[in-house]
């Protein structure tokens, strides 16, 4: 693994943390006061900052730092997370996301916005945080004033050996007398006097004296007590600060005195005889870090035995040798166990797999399904009795194949949560822009659907949300005037329903202005001026191509894309969208999408000798037309009467140019399909072969796009069958004109 | 023999960095994602030195350090705190919990290795 890969991991993690951050903030916004929620939010920002620091992403670090400082105020109950505070925080979360994206691939960051949020965050932190001066008597607890560019104002004392070269002391060296007496706590925290002395020896020439004067009698000795002290003569070019840096980790737990000596008065003043510091002996203990205070009986005996030793090095080395043996034995047996434990810990968690690998697997399973179907078919053709063991085995194989297929599909299934979360940001931003107050409520975020569907869902959903905020919900004044809560609500829900995912977008706004929509449709030549439309049909006009509410075009939703584009992208996913609206009470958009784009339940039909597959989801019912129910209409249109309503009859063979003249409806079968916009069509086919699940093979990828055809599949007998694009066929049957259809539907 | 380091950090990014840095420096590395897991793997990992984050879910660094120090076998193992929490308050709490030393983020491989060298023989 190299740094670039780690960086990629960092950005993936950022995405997760950002999602965590946002959902935590939204929970707080809903009144959740669980400390763990605040902690999780804090950790998310903290984590991003930590990683960003490691990669030198300074902008990200600076912003995350200010954000973190303010969150810390909330965490420590110095700042109440009111709605206003959370509003700033949610915006900050958005900016943090922008900065992350910018760091990843140079996305756009609104710097003015970022700067103003930094100010707002700082104001929040400062408003509640007592100035450091006020608490000068207690500097440890005084929170650092937010400093946007550094790490809380703290500068660690450098201890890297490189920095020692920059010592400011005289080059010819200065001799220091260092008195170092560890306390018991130094050892209990895992520090080790011998190591400190070793490090000291590395920065200069030194001689050392051990003061074992306070060592008690053996039987009175506490093996964990610190009895030794040392006096060190160190001649070094380094400064006193550099010497102190060696004791950085230990300075609280020892008595340390560092005195610079006059060059003339060195040796004579020393009462003790210097003993050379034996570094080599120490190094023997490199495998065992527990040269330190005896942690068990064996080691304490070593200390006891070494009671009389005056050289610390001998003692440490002896202790290290004993420990080394134990440690070697223990760790050898522990290594395997540790690896097992690590593996066990990893189980039950998730693994990251390249999407290509999953897709490859899905493709292979698709092939397997087809192969299995072909095999079954040829066995059936050769074994008419249907009782052979081959047959039985095949049935089991079929079941297994189906299960494998389901399991593989499940790998790609992902909760819609990330998309839903993105929507909450859009609601915030757009609502801010148009001066409305809107709450987004999401439900069923954990509903799972194929990743491809999720990826393609974001865009139409974004557009619809923008629309709902911009056009759906009224201004707070209007709402109040209408006796509604000034704060509007948009509800986004996802649920599974009969093998599909249904996503609903409900707003409690004014609903569709039917008078205006109708007028618009007439102006745009979509309907005749005297067309008699039901409310539902008027509502659905907003999906019609060429319907644009030009007088309402704004920055937000009027970006040249209308609801017809939304509808088309939903359809491209094999989905359907519809709207229902109650004036004064709001609108509901309902989208129904397939759970996967890899397989499809289809009805296999014959048209002019060709085998076609019609997606089952499109079919409302099938019927055998009777001659009496067929009515001619106009030059070459025909209608079928079904339960007292008329429905245009479309000959699939004619539309696809399989034949030049219309087939006799009475000899075929009519598939009643629901076309988008509520209207129904009866598709004429010659015969129905059966119903089965087929693996979708892209026609575009393997051949080229064919109008009226959505994709292809391979049937059990090995032949290619085309999958009908029902909506395209219906659209083609309308020709260019929508008018006759609308008036016809009105009569039905 | 290779020295063994147990790292405890909830950030996948930092875990990976620790792993790469430590492996490159010739250490054997065992990793845990939070304090609870850290204590779980401690016994089997038998580390020579521990590097831990402070802010973690389930059990934070302070709790983890205290847990290690309560363990008869590991109470003297050097523990380095790896954290951006550089203010004196946090450092002090870590020390009180029994931390041996600290490494201030942003993560710098040289600083990390250096600090480990300092607390191990």
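Bear in mind that the values in this text are calculations on the coordinates, not laboratory data. In this text the structure is predicted, and so the values were computed from the model without any measurement. Every residue, glycine among them, receives a Cβ derived from its backbone with ideal geometry; neighbour counts consider all protein chains shown.
Ranked by how many other Cβ atoms sit within 10 Å of their own Cβ, fewest first, the residues A:67, A:247, A:55 fall in the order A:55, A:247, A:67.
Fewest first, what order do A:227, B:74 take by the number of other Cβ atoms within 10 Å?
Details: A:227 18, B:74 22.
Neighbour counts put them in this order, fewest first: A:227, B:74.
Counting Cβ atoms of other protein chains within 10 Å of each residue's Cβ and taking the mean over peptide B:104-112 gives 5.
So which residue, out of B:63, B:26, B:98, gets the largest mean-square fluctuation from a GNM of chain B using Cα contacts under 10 Å as springs? Residue with maximal mean-square fluctuation among B:63, B:26, B:98: B:26.
Relative contact order (percent) for the range A:599-747, with alpha-carbon contacts under 8 angstrom and 6 or more residues of separation?
Numbers: 284 pairs, mean separation 40.0, N = 149.
Contact order relative to length: 27 percent.
In terms of the mean number of neighbouring beta-carbon atoms within 10 Å, the peptides A:98-105, A:625-632 order highest first as A:98-105, A:625-632. In whole Å, what is the distance between the alpha-carbon centres of the range A:51-87 and the range A:487-545? Their Cα centres are 42 Å away from one another. Scoring A:587-596, A:352-361 by mean Cβ neighbours within 10 Å over their residues and listing the highest first yields A:587-596, A:352-361.
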